[in-house]
Each structure stands twice: as C-alpha cells, then as structure tokens.
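Asker: Below is one structure. I have some questions about it.
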Amino acid sequence: MSEPVVPELLRCISIADLSSSERQVENIEVDADECAAIANRLGIMSVEKLSVQLELFRDLTGDVHMVGRIVSDVVQACVVTLEPVPQHIEASLFQRFSSRSEEEEGEDEDPVEPIVDDEIEVGDVIVQNLSLALDPYPRAPEAEFEEVDDEAGKPSGPFAALAVLRDEAEK
C-alpha cells in the first residue's frame, strides 16, 4: 500500500464570494521548508525565495481564471562544472479552474484544474510554472565545455565496424 503524496506547496484559496464583477488578489510567500521541498522535487540545489502575486476572476461560465507573477531566486548546478549557478526568475502564469465535468469541456481546450467545494488549489500550478521557467542548461560564467574526441583518428560511419573486422582478419 503506497502512502499518499503530500504536495510540496499546498495553497487552497476560497472563491466562494468571488463574483464575475470583481477580482480577488492573493499574495503568496513560501517558507523555507516548502522551498527545500520544491527544490528537491525539481532536482535543483535550492530555492532561496519564492513569492507569487495572483489575481483571480470569474467568467460568465463560472470558471475562475488565475493570472499571476512568480518571483523566485534559485540555485542550480552548472551542467559543465556542477558549481552552483544562481538564477533570478520572474515568470507569468495563467490557469483556468472549473467545476464543470470533463465531458462539458471541449477536447481542444487547454486543461483546467478543478474547483472543489468553492476552493481552488494553486500550489502545484505554481511549482509547475516555476519548473518551466528554470534554465534547462544552467552554466557558470567561467565554465567552458571542452569537447573530447575519444575516437580521434579512428574510422567512423556505418562500415567502420566492418573495416575493423576486415583489418583484424588480414593480420
């Protein structure tokens, strides 16, 4: 029996009083333990700070749209030297939440997150968007990639292996 997965960042926001004529602003500050758990999930050295400003509004269908801005300082390992590479991230995010069933949604629409009991959970959406904003190949400023050719001077190509066999047979 597996244990239930505990999210690194859990932020449930009540939208019970959100009408289509108003906007709800939420500011989220992430604590040190949550930052450490997020860094572990993303496979990076550390998340130094993470804050998010969100604006929520309801459309005429009852769906809730979330737009926001992520501001974070992270440290990743250099892909060449494995030295720490600090990175400042500022990224936009957008997500739609709906209480409608999947059958009511069109197939070509973007995926939506559920509204459950007049609450939306935004933590995982924040972590996913932070993940997308990370540099996929962080590199320290002084890091130089030196290409090493272990096959220098050796034949290559589809018939190289056959040429080696032929040369060995001729000996």
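The values are calculated or read from the model by the stated rules, or taken from the named source; none is laboratory data. Since we're looking at a predicted model, the values are computed, not measured. Here the Cβ is made from the backbone with ideal geometry for all residues, glycine too, and neighbour counts use every protein chain on show.
Asker: Show the residue pairs that are 6+ apart or on different chains and have beta-carbon atoms under 8 Å apart, the first residue being within segment 16-34 and farther than 14 Å from His65 by Cβ, the second being of a type in the set (Gly, Ala, Ser).
Answerer: Hits for this filter: Asn27/Ser51; Ile28/Ser51; Glu29/Ser51; Val30/Ser51.
Asker: Please determine, by comparing only the residues of segment 111-125 that are part of a loop (DSSP other than H, G, I, E, B) and in contact with a strand residue (DSSP E or B) (Cβ under 7 Å, 6 or more places away or on another chain), which one is farthest from Ile15 (Cα to Cα).
Answerer: Restricting to residues being part of a loop (DSSP other than H, G, I, E, B) and in contact with a strand residue (DSSP E or B) (Cβ under 7 Å, 6 or more places away or on another chain), the top hit is Val112.
Asker: Still on this structure, please answer the following. Identify, please: which residue in segment 126-140 is assigned to a helix (DSSP H, G or I) and among the small types (Gly, Ala, Ser) and is, among those, surrounded by the fewest Cβ atoms within 10 Å (Cβ to Cβ)?
Answerer: Residue satisfying both the conditions and the ranking: Ser131.
Asker: Hey, another quick one. Looking at segment 119-138, can you tell me whether even one residue there is at pLDDT 90 or above and more than 22 Å from the chain's Cα centre (by Cα)?
Answerer: Initial filter on segment 119-138 (at pLDDT 90 or above): 119-138.
So of that shortlist, the ones also more than 22 Å from the chain's Cα centre (by Cα) come out as 119.
Checked segment 119-138: at least one residue is at pLDDT 90 or above and more than 22 Å from the chain's Cα centre (by Cα).
Asker: Failed condition for Gln24, given (1) at pLDDT 95 or above; (2) surrounded by 14 or more Cβ atoms within 10 Å (Cβ to Cβ), with all others met?
Answerer: (1)
Asker: Checking Glu3 against (1) within 28 Å of Pro138 (Cβ to Cβ); (2) modelled with pLDDT under 95: exactly one of these is not met. Which one?
Answerer: (1)
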